[in-house]
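The values are calculated or read from the model by the stated rules, or taken from the named source; none is laboratory data. Please read these numbers as outputs of a predicted model, since none were measured by experiment. Note that each Cβ is placed from the backbone with ideal geometry, even for glycine, and that neighbours are counted across all protein chains shown.
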Amino acid sequence: MSDEYTREPAPRAEPTYEIPLNATLAHCRGCGAGIYWVRTPAGANMPVDPGTGVSHFSTCPQAARFSRKREVPRNPTGSDR
Ligand SMILES: [Zn+2]
């Protein structure tokens with residue numbers, strides 16, 4: 001499928017996902033916005049913004065909460081062999 005007439009400059013190459021009709025509407029734990037959970041081709045669940053299909057990770061103002069998992073505190077005094 002080639003859209004040769006699409007000349008809109010893309011400020012960001014945000015991947016968009018198709019929202020299935022049976023997608024579950026949920027709310028972001030970070031910012032409380034409405035999101036849909038979709039299954040990516042990779043088989044992962046991805047929250048996307050309704051209407052745009054853009055990953056909510058890209059638009060969420062609280063995305064920093066999700067991008068970084070809680071660092072597990074390492075124990076420097078662990079037993080070394
Ligand atoms: Zn959010």
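Do you know which residues across the range 18-67 are surrounded by 12 or more Cβ atoms within 10 Å (Cβ to Cβ), assigned to a loop (DSSP other than H, G, I, E, B) and within 10 Å of the ligand (Cβ to nearest atom)? Matches in the range 18-67: CYS28, ARG29, GLY30, CYS31, ALA33, ASP49, CYS60, GLN62.
Looking across the range 19-45, the residues that are modelled with pLDDT of 90 or more and in contact with a strand residue (DSSP E or B) (Cβ under 8 Å, 6 or more places away or on another chain) come down to ILE19, LEU25, ALA26, HIS27, CYS28, ALA33, GLY34, ILE35, TYR36, TRP37, VAL38.
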